[in-house]
Amino acid sequence: MSNKVKWAFLCSSWGRNAKDVIDWHVKNNQIDKIGLVIYESIPCGAANSAKKNNIKQKLIDPRFFKNRDQYQQAVLSLLIDENITHLFLLGYKWLIKPPILNAFPDRIINIHPSLFPSFLGTKTAIQDALEYGVKISGITTHIIDNRFDRGTIICQEPIRIDEEDTFETLYDKFSKKGLPIILETMKMVENSN
């Protein structure tokens, strides 16, 4: 395998982060780093952006498989067929199982809307932080392992929670910080490869 990184983005819903990353790579003439977008629902902004920019995109809906193992085997087969070297889970809601983990050791990255080790294993980390009353939350990118929201931290970005923040205002803060930390993480991974 060459040292060149070829990314696949996996997203479970609209794919705002993945779309933003694709759009940034298009604007900066680096689109060749992204080889695949796997998504599981329609509409998907990330898939639309990928298609518009000639990046392979594939709808793989887990509901069409007998079980999660068959679903993940289909994902793995496509990743291998497309010569993907690294995965970035951008709004992806499923636990990655050993066949994919073993095929991509230390090469699967996730983004989580909290500063590890706070608010792990939840799909409502932003709301949880707001309700708990913390003054600082943030975003963590990390290499995944076989547990939800665990693994080796790559980057963290703190986000201040003000007294007047609502979920909507706080979500906007997270959204604005998402793209820079994803790009920083990708650059770190690419430079270490």
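Things to note:
- Just so you know, in the stretch 136-155 the residues that are of a type in the set (S, T, N, Q) and in contact with a helix residue (DSSP H, G or I) (Cβ under 8 Å, 6 or more places away or on another chain) include one that is most open to solvent (accessible area, probe 1.4 Å), and it is Asn146.
- Scanning the stretch 156-193 for residues that are without any contact (Cβ under 8 Å) to a residue 24 or more places away in the chain and either open to solvent by 80 Å² or more (accessible area, probe 1.4 Å) or over 23 Å from Leu130 (Cα atoms) (or both) turns up Glu163, Glu164, Glu168, Lys176, Lys187, Asn191, Ser192.
- Condition broken by Arg107, with the remaining ones in (1) of a type in the set (D, E, K, R); (2) open to solvent by less than 40 Å² (accessible area, probe 1.4 Å); (3) under 30 Å from Ser77 (Cβ atoms) satisfied: (2)
- Taken over the stretch 116-135, the criterion of being open to solvent by 70 Å² or more (accessible area, probe 1.4 Å), in contact (Cβ under 8 Å) with a residue 24 or more places away in the chain and under 22 Å from the mean Cα position of the chain (by Cα) is satisfied by Lys123 alone.
- For the residues Asn110, Asn83, Asn102, the requirement of being part of a loop (DSSP other than H, G, I, E, B) and either over 27 Å from Gly178 (Cβ atoms) or not hydroxyl-bearing (Ser, Thr, Tyr) (or both) singles out Asn83.
Matching residues to (1) closer than 14 Å to Lys19 by Cβ; (2) in a loop (DSSP other than H, G, I, E, B):
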| site | (1), (2) |
| --- | --- |
| Asn29 | no, yes |
| Asp32 | no, no |
| Leu36 | no, no |
| Ala46 | yes, no |
| Ser49 | yes, no |
| Lys58 | no, no |
| Arg63 | no, no |
| Tyr71 | no, no |
| Val75 | no, no |
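- Of all residues in the stretch 65-77, those that are over 17 Å from Leu101 (Cβ atoms) have Cβ atoms under 7 Å from Cβ atoms of residues that are assigned to a helix (DSSP H, G or I) and modelled with pLDDT of 95 or more, 6 or more apart or on another chain, in Phe65/Tyr71; Phe65/Ala74.
The values are calculated or read from the model by the stated rules, or taken from the named source; none is laboratory data. From a predicted model like this one, the values you see are computed outputs, not experimental measurements. So basically every Cβ, Gly included, is an ideal-geometry build from the backbone, and we count neighbours across all protein chains shown. Note: areas computed on protein heavy atoms with side chains; ligands, DNA, RNA excluded. Shrake-Rupley method; radii C 1.70, N 1.55, O 1.52, S 1.80 Å.
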